[in-house]
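A.B. asks: Structure incoming, see below.
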Amino acid sequence: MFSRIASQTARRSVKQFSMQTRLASTKPTVASHSKQITGVTAGIIGATALTYMYVDASANLADEGLHPPTHPWPHSGPLDTFDHASIRRGYQVYREVCSACHSLDRIAWRNLIDVSHTEDEVKAMAEEHEYEDGPDDNGEMFMRPGKPADYMPTAYANEEAARAANAGALPPDLSLITKARHGGEDYVFALLTGYVDAPGGVEVREGLNYNPYFPGGAIAMARTLFDGVVEYEDGTPATTSQMAKDVSTFLAWAAEPEHDDRKKMGLKATIILTSLTVLSIYLKRFKWAPIKTRKIVYSPPK
């Protein structure tokens, strides 16, 4: 009887040992296979992503336009402010050239005060335009000279009139153009100075102009800046690049009139917060130094 129980126990032990051995021998194989599968999958996904990025970039290069070069703008630094003389010249370029088609819906005359013009100059410029107002005592609308609180006038009465005057193309509003275009003022400068003849193999439809910085390469706006087209009040030579630089600075200011005040406020906030941080560290050390360095000695009773 004892011999039968012993033999059964021995057989059971042998079976369990063989099963454990079999499982142990298969675990490394499964683990190695999973690592291989993971590696192959990651390689396929990576190669597909790189191929997609390359093909997409190549296919959309003409659609997106050339990336404009970066220029060292005087206001691009963390503590730099706008060149206000350049803003004044840029407004002159906008008024004499760009305003024939484009508008500045978000800029009022008063925004120019103490930025590029004096209050008297702004009042005089606003009075050159007439605005519809009313109704009067008879319930009728009337025209009046402009005031500093009025917004700058538009070139066309409505969108349909703008398209009709520009062969179906709608001149965009320039209030936020440097925020709405990738590259900001770099894009505006590159676009204004980037008109060239179309390269071989590139066809440009009649009525369009080739500019590699414009998405698609064909733009309805013709080149508008030529040397001497504007005579600056301060005597600055009105070269094409100078006018493009000035109007780009003006449009960058128009998109962010609070730029200078924001940087001044940021500098003040940095100084205040730094001072408070140093004071807090000093008070913390002053209060906790005696507590952390004190020594507590226990003298047991004798």
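A.B. asks: Can you spot the lysines whose alpha carbon is less than 30 Å from LYS292's alpha carbon? Ignore those fewer than 8 places along the same chain.
C.D. replies: List returned: LYS284, LYS302.
A.B. asks: Further, regarding this structure: How far, in degrees from 0 to 90, does helix 84-96 lean away from the longest principal axis of the Cα atoms of the chain, to the nearest 10?
C.D. replies: Compared with the principal axis, the helix lies near 60 degrees.
A.B. asks: Let me ask something else. Assign unit charges at the C-beta atoms only (+1 for Lys and Arg, -1 for Asp and Glu), then state the dipole size of the stretch 153-206 relative to its Cα centre in Debye, rounded to the nearest 20. Walk me through the intermediate numbers first.
C.D. replies: Working: 4 positive and 8 negative charges, 24 e Å.
Approximately 120 debye in magnitude.
A.B. asks: How much accessible surface area, in Å² rounded to 10, belongs to the heavy atoms of LYS245 with a 1.4 Å probe?
C.D. replies: 50
A.B. asks: Still on this structure, please answer the following. By a straight-distance test (C-alpha under 16 Å), which aspartates and glutamates pair with LYS123 as possible cross-link partners, with residues fewer than eight away in the same chain excluded?
C.D. replies: ASP114, ASP150
A.B. asks: Rounded to the nearest 20 Debye, what is the dipole magnitude of the stretch 178-302 about its Cα centre when Lys and Arg each give +1 and Asp and Glu each give -1 at the C-beta?
C.D. replies: Using Cβ point charges on Lys, Arg, Asp and Glu, the stretch 178-302 gives about 2420 debye.
A.B. asks: Given the options ASN158, ASN211, ASN166, state which has the largest fluctuation in a GNM of the chain using a 10 Å cut-off (strictly under) for Cα springs.
C.D. replies: Between ASN158, ASN211, ASN166, it is ASN158 that shows the largest mean-square fluctuation.
A.B. asks: Given a 1.4 angstrom probe, I'd like the percentage of the accessible area of the stretch 106-159 that is carbon and sulfur, rounded to a whole number. Present the calculation step by step, with values, prior to reporting the outcome.
C.D. replies: Details: 1520 of 3600 Å².
Roughly 42 percent of what the probe reaches on the stretch 106-159 is carbon or sulfur.
A.B. asks: Compute the helix-to-body angle for 240-255: its Cα long axis versus the longest principal axis of the chain, expressed 0 to 90° and rounded to tens.
C.D. replies: Rounded to the nearest ten degrees, it is 70.
A.B. asks: Would you mind putting 289-299, 269-279, 90-100 in packing order, based on average other-beta-carbon counts within 10 Å, highest first?
C.D. replies: Numbers: 289-299: 6.2, 269-279: 10.1, 90-100: 19.8.
The packing order, highest mean first, is 90-100, 269-279, 289-299.
A.B. asks: Could you please tell me the mean projected area of the C-alpha convex hull for the stretch 149-302, averaged over all directions and given in square nanometres to one decimal? Provide the component values of the computation, followed by the final result.
C.D. replies: Values: hull surface 84.0 nm².
Projected area, direction-averaged: 21.0 nm².
A.B. asks: When ranked by the protection proxy of mean other Cβ atoms within 10 Å per residue, highest first, what sequence do the peptides 136-142, 178-184 form? Write out the running numbers ahead of the final one.
C.D. replies: On the way: 136-142: 8.3, 178-184: 16.4.
Top to bottom by mean Cβ count within 10 Å: 178-184, 136-142.
A.B. asks: Putting +1 on Lys and Arg Cβ atoms and -1 on Asp and Glu Cβ atoms, find which of TYR298, ALA161, GLY200 reaches farthest to the positive end of the dipole of the chain.
C.D. replies: Of the options given, the answer is TYR298.
A.B. asks: Taking each pair of distinct Cα atoms in the chain once, what is the resulting Kirkwood hydrodynamic radius in Å? Intermediate values should be presented prior to the final figure.
C.D. replies: Details: mean 1/r = 0.0373 Å⁻¹.
The answer is 26.8 Å.
A.B. asks: So what does PHE286 come to for accessible area, using a 1.4 Å probe and Å² rounded to 10?
C.D. replies: Roll a 1.4 Å probe over it and PHE286 shows about 120 Å².
A.B. asks: So with the 1.4 Å probe, I'd like the accessible area per residue for the chain, rounded to whole Å².
C.D. replies: Values: 20800 Å² over 302 residues.
In whole numbers, the chain has 69 Å² accessible per residue.
A.B. asks: Per residue of the chain, what 222 nm ellipticity follows from adding -39500 (n - 2.57) for every DSSP H run with n ≥ 4, rounded to the nearest 500?
C.D. replies: For the chain, the value works out to -17500 deg cm²/dmol.
A.B. asks: How are the Cα pair distances of the stretch 189-273 distributed, in percent, across 10 Å bins from 0?
C.D. replies: In whole percents, the pair-distance histogram is 15, 29, 26, 17, 9, 3, 0.
A.B. asks: On a 0 to 90 degree scale, rounded to 10, what angle separates helix 259-293 from the longest Cα axis of the chain?
C.D. replies: Long axis of 259-293 versus the principal axis of the chain: about 30 degrees.
A.B. asks: How about LYS179: which lysines have a C-alpha closer than 22 Å to its C-alpha, ignoring those fewer than 8 places off in the same chain?
C.D. replies: Partners within reach: LYS245, LYS263, LYS264.
A.B. asks: What size of dipole, in debye to the nearest 20, comes out for the chain about its Cα centre when the only charges are +1 on Lys and Arg C-beta atoms and -1 on Asp and Glu C-beta atoms? List each step's numbers first, then the result.
C.D. replies: Working: 32 positive and 37 negative charges, 1149 e Å.
The calculation lands at about 5520 debye.
A.B. asks: Let me ask something else about it. Divide, for the stretch 120-233, the radius of gyration over alpha carbons by 2.2 N^0.38 Å, where N is the residue count. Could you put the intermediate results ahead of the total?
C.D. replies: Values: Rg = 19.2 Å, N = 114, 2.2 N^0.38 = 13.3 Å.
Here the answer is 1.44, to two decimals.
A.B. asks: Percent of accessible area on the stretch 197-273 owned by carbon and sulfur, 1.4 Å probe?
C.D. replies: Working: 2470 of 4450 Å².
Taking all protein chains in place, the stretch 197-273 shows 56 percent carbon and sulfur surface.
The values are calculated or read from the model by the stated rules, or taken from the named source; none is laboratory data. Model, not experiment: these values are computed from the prediction. Positions of Cβ are generated from backbone atoms using ideal geometry, with glycine treated the same way; all protein chains shown enter the neighbour counts. Surface areas here come from the heavy atoms of the whole protein model, side chains and all, with no ligands, DNA or RNA. Shrake-Rupley method; radii C 1.70, N 1.55, O 1.52, S 1.80 Å.
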